Amino acid sequence: GLNFIDLMVRQGNIDNPPKTPLVPGFECSGIVEALGDSVKGFEIGDRVMAFVNYNAWAEVVCTPVEFVYKIPDDMSFSEAAAFPMNFVTAYMMLFEVANLREGMSVLVHSAGGGVGQAVAQLCSTIPNVTVFGTASSFKHEAIKNSVTHLFDRNADYVQEVKRISTDGVDIVLDCLCGENTGKGLSLLKPLGTYILYGSSNMVTGETKSFFSFAKSWWQVEKVNPIKLYEENKVIAGFSLLNLLFKQNRGGLIKGVMDKLLNLYNTKKIKPVVDSLWALEEVKEAMQRIHDRGNIGKLILDVEKAPTPLMANDSTETSEAGEEEEDHEGD
């Protein structure tokens, strides 16, 4: 699976970025090739998906058994690689942190992305949940049926939401950060929950420099606890990778995966795969996420051959093609 966090790792926009060389990636699907001596519940040949603390983009991956889950019979490998990060993140935020219940309302940014689509599907499993989503306008036709109200990501969504729901919303899920934090908190109803789970504006260049990024974080840090107290609002953060690999909550995630796989088996949720890419095409795949071009999840497939690029795809790729021809001539 290709995730926004992979772009943040590449750019060094995370705490303690790993030293190179490294193999990126945090989730994968495949077939069990070998087992540790004490491993029970799995056999060689089993179809599985797994969380990995880096190294997921490899032909062979090794990870502790607590991070491995069997794939349902009718789930494809590409769907399985699209499943763990997005759906566990969406489920944990909605049900473990924000306590989503019947009749509530949710605002989710990047509604067309992997997490956004997972949030929309999980909200549909609870009666009368209203979902407000923001997304690039060219995605609206494709995702309009997955959310209740859809807004252009560049529009003044605060006024749009308040026009429909005067009181605001019960849950805000923010993967953008910066000025959106203040906007999200302003939209919360009393006893509402705002959850920060990413800062994609830093990666996509919409936070133009380190200083404007620092200013954005400074705005976030200026949240006043007394104001939260007076307004009965909750502000929270969520990092699935920290929960798994730094805070040792693999057992908790196992329980969540069991619930999610039950929802998949009863056809209530289904991962949305945007596209499959060869490992050699990872640059172009990352650019698609960077440009917010994807609807659902991008998958890297180690068995896929690279798609030949047309000469007019871009100057850069055509130049790369010419270089390759020169090398072949050599």
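The values are calculated or read from the model by the stated rules, or taken from the named source; none is laboratory data. Just so it is clear, the model here is predicted, and its values are computed rather than measured. Cβ placement follows ideal geometry from the backbone for every residue including glycine, while neighbour counts extend to all protein chains displayed. We work out accessible area using only protein heavy atoms, side chains counted, and drop any ligands, DNA or RNA first. Shrake-Rupley method; radii C 1.70, N 1.55, O 1.52, S 1.80 Å.
Odds and ends about this structure:
- For region 222-235, a residue qualifies if it is modelled with pLDDT of 85 or more and surrounded by 14 or more Cβ atoms within 10 Å (Cβ to Cβ), and the qualifying residues are 228, 231, 233, 234, 235.
- Region 184-221: number of residues that are at pLDDT 90 or above and either open to solvent by 50 Å² or more (accessible area, probe 1.4 Å) or in a strand (DSSP E or B) (or both): 10
- Residue count, region 10-32 (criterion: farther than 25 Å from residue 69 by Cα and either within 13 Å of the chain's Cα centre (by Cα) or in contact (Cβ under 8 Å) with a residue 12 or more places away in the chain (or both)): 4
- One residue alone among 138, 77, 132 is modelled with pLDDT of 95 or more and open to solvent by 40 Å² or more (accessible area, probe 1.4 Å), and that residue is 77.
- Every test in (1) in contact (Cβ under 8 Å) with a residue 40 or more places away in the chain; (2) more than 18 Å from residue 241 (Cβ to Cβ) is passed by residue 113 save one, and that test is (2).
- Being on the phi < 0 side of the Ramachandran plot and without any contact (Cβ under 8 Å) to a residue 24 or more places away in the chain is a condition met by at least one residue of region 50-67.
- In region 141-175, the residues that are outside any helix (DSSP H, G or I), open to solvent by less than 20 Å² (accessible area, probe 1.4 Å) and out of contact with any strand residue (DSSP E or B) (no Cβ under 6 Å at 6 or more places or on another chain): 175
- Test: residue in region 71-78 that is outside the structural domain of residue 158 (by the TED database), under 30 Å from residue 172 (Cα atoms) and in contact with a Pro (Cβ under 7 Å, 6 or more places away or on another chain): no
- Of everything in region 117-143 that is among the hydroxyl-bearing types (Ser, Thr, Tyr) and over 18 Å from the mean Cα position of the chain (by Cα), the residue that is nearest to residue 157 (Cα to Cα) is 137.
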